[in-house]
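Below is one structure, written out as structure tokens, with a few remarks after it.
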Amino acid sequence: MSPAQPSYLNEIENTYLTLEENFDTLYQHCLTSEQKKQLSDTHSAARYALWKVGQPVQHPDESSVGTTALRS
């Protein structure tokens, strides 16, 4: 893990938690269906990004096909 990754993780986590904790209030303040959709999309993207950065990094030479072939 490079030194920059933890700060990205913290920023993504903070963004997601802020949206998660305040979603209902933010949603009530949306005036148009487009704003509501954008808020929902941003919340989903933040949740996915948090999940994704929590996944172990898989290098191309460590793919399941490659490791399976090496074990055979």
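The values are calculated or read from the model by the stated rules, or taken from the named source; none is laboratory data. Not measured: the values here are computed from a predicted model. Neighbour counts run over all protein chains shown; Cβ positions are idealised from the backbone, glycine included.
Take residue 19 and decide whether it is of a type in the set (A, V, I, L, M), at pLDDT 95 or above, at negative phi and surrounded by 13 or more Cβ atoms within 10 Å (Cβ to Cβ).
yes
Report whether or not residue 36 is in contact with a Cys (Cβ under 8 Å, 6 or more places away or on another chain), modelled with pLDDT of 65 or more and not β-branched (Val, Ile, Thr).
Considered against the rule, which asks whether it is in contact with a Cys (Cβ under 8 Å, 6 or more places away or on another chain), modelled with pLDDT of 65 or more and not β-branched (Val, Ile, Thr), residue 36 comes out as yes.
Restricting the first residue to region 28-42 and requiring it to be within 16 Å of residue 18 (Cα to Cα), which pairs with a second residue that is polar (S, T, N, Q) meet a Cβ separation below 9 Å and a spacing of at least six or different chains?
29/35; 42/15
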